[in-house]
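**Q** First, the structure itself, so that you have it in front of you.
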Amino acid sequence: MSLAARAVRRLSRLAPLFVVLLVLVAAACARDYPQTTLAPKGDLARIEDDIFFTTVKWAVLVFVLVEGALVYAIFRFRGKPGDAEPEQIHGNTMVEIIWTVIPALILAMIAVPTVKAIFKENETPKGPNVLTVEVIGHQWWWEFRYPEYNLTTANELHVPVGRTVSLKMGAYDVIHSFWLPEFAGKRDVFPNRETRLWFTAEEPGEYSGQCAEFCGIQHGRMAFRVEAQEPAAFQTWVDHMKTLAAQPAAAAVAAPSTDSVHTSTAGATVQQPAGDLAAQGQKLFLTKGCVGCHSLVAYNAPQGLLGPNLANVGARTYIAAGTLKNTDENLAHWIRNPQEVKHGVLMPVLGVTEDEAKALVAFLRTHQ
Ligand code: CUA
């Protein structure tokens, strides 16, 4: 049996292993990995995906040709006992020109679309149909503002399908990185410096994003959610968010609070909560210090507060920037002991009892 035949037989014994690997790779679909970069759902992500696969295609071609030639040469020209020493040669101008020109051409095939994509990515989309959203990275949560609607929200970004979203990004404290793989790839955000990113969502749905630059001990718990909605549903959301602030300021007076200064600082023109427990929660919200850092209005919300806007906190899927599912139990746990959930977070332990936490949860649940 020839050497080549023996090698082929040996390799064929590994075939079942290759099949298993193939099945495993095929089973790993995008749904199981919501932050995959391999399932683009927006124009910018598609540009990046195209560049990736252009590069991979050329790399695979080079790999197959070079390794194929190598393997062929190993077996075809293998020395046998008793062979004479092969002819010794040095240099071949023609071959050297060929193996210089071909890689240069391949690199050009990759470089041209890459440079074009870089310029396209760095364009700032303009026009009446562009929705500008301001993104501010905080340790460790995301603030989103919609100047067009005067709305502020946190950790959950709503966008209309088919309308280009132009992100004006910055950071409150340290460098973070906005990473939304299915729509827009990744871009760093800095204090005192604006960076831009844009994308157009193609399909309604929920998408995951994450801070992608180490920004402190809870960097790993700085996620955000994007909800892409049909334009009509998005408009409904905008209109609803505006009503969250439409309560008369007098509503806050209903809370027997001693802290009217804080109330106005945070713009907490709170809604009249339903039920005794919620009313008790409202009082606690105003007296326990929550109101010093969190606003409960989305429309014309005060800027520069330390904590995330809570206008629609009751409706969010997660709390603490993707850390916990927004259940009553988790919310109460977070309120009572944020440092246990997310050590190092700015939110202090405020000495809230179990019953007080229940009341605060009931109050926050009314904000959705
Ligand atoms: Cu913010 Cu990492």
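**Q** Scan region 351-368 and report the pairs whose first residue is closer than 18 Å to H240 by Cα and whose second residue is among the β-branched types (V, I, T), with Cβ atoms within less than 8 Å and a gap of 6+ or a chain change.
**A** L364/V313; H367/V313; Q368/V313
**Q** Turning to a different aspect of this structure: Within region 168-190, does at least one residue satisfy the condition of being more than 16 Å from the ligand (Cβ to nearest atom), hydrophobic (A, V, I, L, M, F, W, C), crowded, with 16+ Cβ neighbours inside 10 Å and over 16 Å from T37 (Cβ atoms)?
**A** no
**Q** Scan region 172-187 for residues that are under 11 Å from C215 (Cα atoms) and touching a strand residue (DSSP E or B) at 6+ places or on another chain (Cβ under 6 Å) and jot them down.
**A** I175, H176, S177
**Q** Among the listed residues G322, G351, G304, G344, which satisfies the condition of being assigned to a loop (DSSP other than H, G, I, E, B), touching a strand residue (DSSP E or B) at 6+ places or on another chain (Cβ under 6 Å) and not polar (S, T, N, Q)?
**A** Going through G322, G351, G304, G344 in turn, the sole match is G322.
**Q** Further, regarding this structure: Determine which member of the set L350, L324 is farther than 27 Å from A212 by Cβ and not assigned by TED's automatic domain parsing to the domain that holds D239.
**A** One residue alone meets the criteria, L350.
**Q** Being over 17 Å from A298 (Cα atoms) and part of a loop (DSSP other than H, G, I, E, B) is the filter; apply it to region 127-147 and report the residue that is farthest from the ligand (Cβ to nearest atom).
**A** Residue satisfying both the conditions and the ranking: P128.
**Q** I would also like to ask the following. Return yes when T124 is farther than 30 Å from I217 by Cα and either part of a strand (DSSP E or B) or within 14 Å of the ligand (Cβ to nearest atom) (or both) and no when it is not.
**A** no
**Q** Continuing with the same structure: Which of the residues that make up region 206-224 are more than 6 Å from the ligand (Cβ to nearest atom) and either among the β-branched types (V, I, T) or under 13 Å from G185 (Cα atoms) (or both)?
**A** Y207, S208, G209, Q210, A212, I217
**Q** Here's a follow-up. Here are the criteria: (1) over 14 Å from N309 (Cβ atoms); (2) in contact with an Asp or Glu (Cβ under 7 Å, 6 or more places away or on another chain); (3) not acidic (D, E). Tell me which single one I136 does not satisfy.
**A** Single failed check for I136: (1).
**Q** Let me ask something else. Among the residues of region 330-350, how many are more than 30 Å from H240 (Cβ to Cβ) and of a type in the set (S, T, N, Q)?
**A** Within region 330-350, residues that are more than 30 Å from H240 (Cβ to Cβ) and of a type in the set (S, T, N, Q) number 2.
**Q** Which one of these is touching a residue at least 24 places away in the same chain (Cβ under 8 Å) and not hydroxyl-bearing (S, T, Y): V95, V112, V62?
**A** V62
**Q** Select from region 222-264 the residues that are outside any helix (DSSP H, G or I), of a type in the set (A, V, I, L, M) and at pLDDT below 50 and list them in ascending order.
**A** Scanning region 222-264 gives A249, A254, A255.
**Q** Which helices (runs of 4 or more DSSP H) sit wholly inside region 1-109 and have at least 2 residues that are surrounded by 11 or more Cβ atoms within 10 Å (Cβ to Cβ) and touching a strand residue (DSSP E or B) at 6+ places or on another chain (Cβ under 8 Å)?
**A** Once the helices (runs of 4 or more DSSP H) in region 1-109 are filtered for at least 2 residues that are surrounded by 11 or more Cβ atoms within 10 Å (Cβ to Cβ) and touching a strand residue (DSSP E or B) at 6+ places or on another chain (Cβ under 8 Å), what remains is 43-76.
**Q** Sticking with this structure for a sec: So, of the residues in region 148-167 that are over 21 Å from N122 (Cα atoms) and assigned to a strand (DSSP E or B), which turns out to be nearest to the ligand (Cβ to nearest atom)?
**A** Checked region 148-167; the qualifying residue nearest to the ligand (Cβ to nearest atom) is A154.
**Q** If I go through region 225-239 residue by residue, how many of them are surrounded by 14 or more Cβ atoms within 10 Å (Cβ to Cβ) and more than 16 Å from the ligand (Cβ to nearest atom)?
**A** Qualifying residue count, region 225-239: 8.
The values are calculated or read from the model by the stated rules, or taken from the named source; none is laboratory data. Predicted model, so just to flag it, every value in this text is computed and none were measured. For neighbour counting, all protein chains shown are included, and Cβ atoms are generated from backbone atoms with ideal geometry for every residue, glycine included.
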